[in-house]
Amino acid sequence: MSLLEARQLRVTIGDKTIIDRLDLSLAAGERLAILGRNGAGKSTLLSVLAGLRKPAAGAVLLDGEDAALLHPRQAALRRAWLGQFQNDPFGSTVLETALTGRHPHLGRWDWESTKDADLACSALQAVGLAGMEARQIHTLSGGERQRLAIATLLTQAAPLYLLDEPLSHLDLNHQMAALELFAGAARDCGAGVVMVLHDPALAHRFCDRALLVHGDGRTEMGSVDDILTAATLSELYGYGLRQIEDRGHRCFIPE
Ligand code: ADP
Ligand code: MG
């Protein structure tokens with residue numbers, strides 16, 4: 001069964017259709033990149049795929065069940081969603097924040113156990129935040145806060161990751177580390193990964209397929225080799241690109 005399925009999906013914002021008749025199916029271990037211009041509707045689409053926003057038509061299935069009918073706790077056990085922005089209205093430590101990923105797994109009156117704390121600590125270690133458990137989140141840098149958001153997601157341990165610009169605020173080293181982490185989750189644990197990315201070279205390197213969102217309802221999907229080309233991307237971004245291949249990796253250079 002697919003971890004994620006979209007059937008004849010239509011997504012609208014006001015009277016504007018941004019996605020029309022999208023069919024999509026994501027199997028365990030698959031990684032899908034979503035690319036498009038600013039304002040094309042990538043974040044809106046991702047929140048519909050997460051079951052956080054209702055589609056105008058069609059359906060989203062999470063592990064075979066209609067996302068619109070799932071209780072938020074049930075949805076949180078099936079997919080972990082990384083929003084584009086982290087807002088921290090309340091003070092909290094790094095460890096407490098990472099532990100919130102365990103909440104869907106706990107009963108209403110349960111406290112987090114040592115096992116939950118161990119999971120949170122190993123997730124913090126995986127993103128290079130070990131030793132910062134007691135820090136207040138408002139003292140973190142942008143990149144550190146983003147890595148904490150990724151650690152919180154790993155702590156949630158859902159079979160499907162929906163990531164909205166997971167690389168924002170990250171330096172090159174941490175971008176590669178984050179992408180390797182999710183590649184490992186797909187390869188070793190069969191996780192499905194959908195991520196909004198702005199760098200087509202990284203999408204080509206770290207994903208199996210790509211979905212191009214044009215912003216007017218049109219979408220194109222295919223294997224990264226087929227769909228991430230100078231021609232399709234030049235049209236998508238409205239800027240001429242040249243394509244260069246190097247040791248199996250594909251780069252795009254603005255004309
Ligand atoms: P992307 O993630 O591709 O940059 P978004 O999905 O965030 O784009 O937004 C798509 C478009 O919808 C943008 O033009 C944005 O300004 C607009 N939009 C998003 N939410 C609202 C809203 N609540 N009211 C009006 N316009 C919105
Ligand atoms: Mg966005």
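What to note about this one:
- Cα-based shape type of the stretch 187-255, given that a ≥ b ≥ c are square roots of the gyration tensor eigenvalues and the cut on a/c is 1.5: oblate
- Label point 7 Å beyond Cα of E255 along Cβ direction - residues of the stretch 193-211 with amide nitrogen under 20 Å: 200-201
- Sparsely packed chymotrypsin sites (Phe, Trp or Tyr not before Pro) within the stretch 48-141, loop by DSSP, other Cβ within 10 Å at most 13: F85, F90, W109, W111
- Overall shape: prolate for the stretch 96-140, with the ratio a/c of the largest to smallest alpha carbon gyration tensor axis at 1.5 or above and a/b above b/c.
- Cα centroid separation, the stretch 94-122 to the stretch 146-217 (Å): 23 Å
- Computed over protein heavy atoms with a 1.4 Å probe, the carbon and sulfur contribution to the accessible area of the chain reaches 52%.
- 12 Å reach of a label modelled at E65, 7 Å along Cα-to-Cβ, counting backbone N of the stretch 1-26: none
- Estimated dipole of the stretch 87-157 in Debye, rounded to 20 [Cβ of Lys and Arg +1, of Asp and Glu -1, Cα centre]: 120 debye
- These residues, Y161, Y237, go from largest to smallest accessible area, 1.4 Å probe, as Y237, Y161.
- Placing a label point 7 Å from the Cα of A27 along the Cα-to-Cβ line, the residues of the stretch 173-197 whose backbone N sits under 19 Å from it are 183-195.
- The chain - mean residue ellipticity at 222 nm from DSSP helices (-39,500 (n - 2.57) per run, n ≥ 4, rounded to 500): -9500 deg cm²/dmol
- Computed FRET value (nearest 0.05) for D208 with T139, which takes r as the C-beta separation and R₀ as 35 Å: 0.35
- More than 22 angstrom apart: percent of Cα pairs within the chain: 55 percent
- Residues of type lysines that K54 reaches as a straight line, Cα spacing below 21 Å, ignoring anything fewer than 8 places off in the same chain: K16, K42
The values are calculated or read from the model by the stated rules, or taken from the named source; none is laboratory data. This one's a predicted model, so the numbers in the text were calculated from it and none came from an experiment. Using ideal geometry, Cβ is built from the backbone for each residue, glycine included, and neighbour counts are taken over all protein chains shown. Quick note on the areas: whole protein, heavy atoms, side chains included, nothing else; ligands and nucleic acids left out. Shrake-Rupley method; radii C 1.70, N 1.55, O 1.52, S 1.80 Å.
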